[in-house]
Amino acid sequence: MKENLRTELLTKLSALSFDEFQSLSFKLTNQLIKFLTSVPELQSQVGAAYLPLKAEIAPAYQELLKAYPCSLAFPILFEGEMLFGIPNGMPKGSTWLEAPYVPADPEWLLVPGVGFDLSGARLGRGKGFYDRYLADKDVITIGLAWTEQLVKKIPVEKHDCHMDFIITEEFCWDVNQQEKF
């Protein structure tokens, strides 16, 4: 069930052109800035973002940091597990941040996904990095997606992490309040 849904959603994402990705990313960045500005206490905390894989919507980090200056860490791979590091300058790397960086423990995370539902369930790529990382952490999770990645119901297992918020190019969604803002 998960694999079929993952394939269907990845096929939709792969069909987007470079220009469509750019447009969605800038619109998503604007919604993310709107969200972060509405929660000013996050600015003094260390946040975490991700380096987008092929066919993955992601914020335009330079634009985001201009509008909302904060400390952003990015994923690093350490002994087979995902951790986070703050880069020296703009992040370099694909999937994993390249050195130099300073290790960090983020208090909020921008989380990629293949699909989400409005109850906060997330469908990842199947490797479990975010599920394992978040298993024993108390951090705010913010799923980032294109509205076409929202589905009625994501099949979940006990170990799957859930989002507190979902941000798309069209709206911000508070999972706990079950409302757009």
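The values are calculated or read from the model by the stated rules, or taken from the named source; none is laboratory data. Values in this document were obtained by computation on a predicted structure and should not be read as measured data. Because the Cβ atoms are built from the backbone with ideal geometry, glycine has one as well, and the counts that use them run over all protein chains shown. With ligands, DNA and RNA removed, areas are computed over all heavy atoms of the protein, side chains included. Shrake-Rupley method; radii C 1.70, N 1.55, O 1.52, S 1.80 Å.
General remarks:
- Dipole orientation for the chain: of the candidates Ala104, Leu64, Phe21, Phe21 has the Cα lying most toward the positive pole (charges on Cβ; Lys, Arg +1; Asp, Glu -1).
- The heavy atoms of Met90 offer some 80 square angstrom of accessible surface to a 1.4 angstrom probe.
- Distant-in-sequence amide H partners of Leu144 (H built 1.01 Å from N, under 5 Å): Val111, Gly113, Ile167
- Whole-percent carbon and sulfur share, accessible surface of the range 56-167, 1.4 Å: 52
- Taken along its principal axes, the alpha carbon cloud of the range 1-92 reaches lengths of 40, 36, 25 Å, longest axis first.
- Radius of gyration and maximum dimension Dmax of the range 76-181, Cα, Å: 14.4, 41
- For the range 88-94, backbone phi angles converted through the Karplus equation (6.51, -1.76, 1.60; θ = phi - 60°) give residue-by-residue couplings of 8, x, 6, x, 10, x, 10 Hz, Gly and Pro being listed as x.
- Amide H contacts of Ala104: Phe84, Gly85, Ile86, each under 5 Å away and 5 or more positions distant or on a separate chain (H built 1.01 Å from N in the peptide plane; Pro and chain starts excluded).
- With a 1.4 Å probe rolled over the protein heavy atoms of all chains, the accessible area of Leu77, Leu123, Leu16 falls in the order Leu77, Leu16, Leu123, largest first.
- Accessible surface area normalised per residue over the chain is 51 Å², counting heavy atoms of protein chains with a 1.4 Å rolling probe.
- Put a plus charge on the Cβ of each Lys and Arg, a minus charge on the Cβ of each Asp and Glu, and nothing anywhere else: the dipole of the chain about its Cα centre is then about 300 debye.
- Farthest positive-ward along the chain dipole, Cα basis, beta-carbon charges - from Thr11, Thr37, Met163: Thr11
- Cα shape, the chain, gyration tensor, a/c 1.5 rule: rounded
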